Amino acid sequence: MALLKSGVIGGEVTVKGWVRTKRGNKNVAFIALNDGSTIHSIQLVVDVALFAEELLKRISTGVCLRATGRLVASQGSGQSVEIQVRELEIYGMADDYPLQKKGHTLEFLREIAHLRPRTNTFGAVLRIRHAMAYAIHHYFNELGFVCLHTPLITASDAEGAGAMFQVTTLDLQNPPRNERQEIDFTQDFFGRPTCLTVSGQLEGELGALALGEVYTFGPTFRAENSNTPRHLAEFWMIEPEMAFYDITDNMNLAEDFIKYLIRYALDRCADDLQFLNDMYDNGLIERLRGVAQTDFVRLTYTEGIDILLQSGQPFEFPVAWGVDLQSEHERYLVEKHFQKPVILTDYPKEIKAFYMKQNADGKTVRAMDVLFPKIGEIIGGSQREENLEKLQARIAEMGMSDENLWWYLDTRRFGTVEHSGFGLGFERLLLFVTGMANIRDVIPFPRTPNNAEF
Ligand code: ATP
Ligand code: MN
């Protein structure tokens, strides 16, 4: 509400929004009205004598209305301006509105996710989400990156990043079958099995090896049945992909990018962050400032494993060279050992994707994961294997078929070059920036196992 900042005192104004609270006495009513543009509501001061009792009685929490009146300096504390109302028009009633009192639990609000954007908390989160989306495009645009829209429907399970959702128009009750009694996907919409993408990276690489520096920012889908506070079945990912970047360039970009986003939030979302800080997480703003200023620690997976082995911590998942790190391990390194974000590199090739550049040791690849406090992995990336023979050998070694990957391998046949990229999970970023504890609370309509209601 621009009025709250720059409204002309004494002038007549009109506001439209939803009633948050109404209180008062027999002479005057105070209505807090919020239009969604900021965390702050504007106070309407209603002289009861000027309006029909009937009209005032109908105004309750959740009602949508318009008020016109004079903007004046506020008498009471807690707001700088208020409106002395001359005219009131009710647009929509809200009898039996489920969002009555303050202090609904986040769990309860998830059950009414269609209405929770009307709460202060979700207003704040959704405005921050918008600001971050905008900042991401701004950041890359300033650097000259091209936004490349990669497909959501794909025929390759190439990344192996997780279980996929199948896309089909076949009749599931009665699918066509071939002579071997297998489902005949040649009769499916695309003439072959297709799925929702788990990552735009492979197509991103095609873009990078043509346009130099590109990024995708779109939804991705993983049918993994992991009911954790950090996983969604449908989430948004930002995936830059850059020709002529080695892993150090890649790390530098990732660190600069994420710090830029945090600074942007601190600068532009101060009121919403302050609200979340006071309401849920008293360390939030301090943590954001800290991360925006510190240099991230960079170390190898092997060094990380040594630290974990020497930590004497009773981890739920045992540590040994070769294991995939769990979030408890990542968080130990970040929160306990270094107390700052960590970029871990050079993971064992067995636990990473086929396309990562192989190191000379024959055991590790040029992966880089960025690990954050309270989250664990927020970015996963790597330098890509640009050598055709090595890439093909790795594909064969992993028992994968390169049949559906011929187009990807063509980048290594024609004008291949060193290149790198990474994926930032948008909702993981938002978990960090908002301080919310559950990933279901940083996306408007979360998709998780058994949950696609709204
Ligand atoms: P994790 O080990 O945390 O499950 P991952 O290694 O499977 O993640 P990547 O394939 O590297 O993830 O994906 C890149 C980024 O996408 C991750 O660093 C993370 O920020 C985000 N991400 C991955 N899976 C999910 C998910 N199910 N929900 C939300 N974000 C995700
Ligand atoms: Mn990863």
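The values are calculated or read from the model by the stated rules, or taken from the named source; none is laboratory data. None of the values given here were measured: they were computed from a predicted structure. Note: ideal-geometry Cβ built from the backbone for every residue, glycine included; neighbour counts use all protein chains shown. Calculation scope for accessible area: heavy atoms of the full protein, side chains included, ligands and nucleic acids excluded. Shrake-Rupley method; radii C 1.70, N 1.55, O 1.52, S 1.80 Å.
Please verify whether VAL323 is surrounded by fewer than 18 Cβ atoms within 10 Å (Cβ to Cβ) and within 16 Å of ligand 2 (Cβ to nearest atom), treating the condition exactly as stated. It is true that VAL323 is surrounded by fewer than 18 Cβ atoms within 10 Å (Cβ to Cβ) and within 16 Å of ligand 2 (Cβ to nearest atom). A single entry from VAL15, VAL46 fulfils the requirement of being outside any helix (DSSP H, G or I) and more than 38 Å from the chain's Cα centre (by Cα): VAL46. When ALA73, ALA49 are screened for being loosely packed, with under 15 Cβ neighbours inside 10 Å, aliphatic (A, V, I, L, M) and under 29 Å from ASP278 (Cα atoms), only ALA73 passes.
Can you confirm whether GLY362 is away from ligand 1 (no atom under 14 Å from the Cβ), more than 19 Å from GLU205 (Cβ to Cβ) and either among the small types (Gly, Ala, Ser) or in a strand (DSSP E or B) (or both)? Criteria met by GLY362. Looking at the stretch 237-348, the helices (runs of 4 or more DSSP H) lying wholly inside it that each contain 3 or more residues that are over 22 Å from VAL442 (Cβ atoms) sit at 247-268, 301-310. Scanning the stretch 183-211 for residues that are of a type in the set (D, E, K, R), assigned by TED's automatic domain parsing to the domain that holds TYR355 and touching a strand residue (DSSP E or B) at 6+ places or on another chain (Cβ under 6 Å) gives a single hit, GLU205. Annotation: of all residues in the stretch 179-227 being hydrophobic (A, V, I, L, M, F, W, C) and part of a loop (DSSP other than H, G, I, E, B), the one that is surrounded by the fewest Cβ atoms within 10 Å (Cβ to Cβ) is PHE189.
Within the stretch 162-171, the set of residues being in a loop (DSSP other than H, G, I, E, B), open to solvent by 30 Å² or more (accessible area, probe 1.4 Å) and either closer than 24 Å to PRO219 by Cβ or within 16 Å of ligand 1 (Cβ to nearest atom) (or both) comprises ALA163, MET164, PHE165, THR168, THR169.
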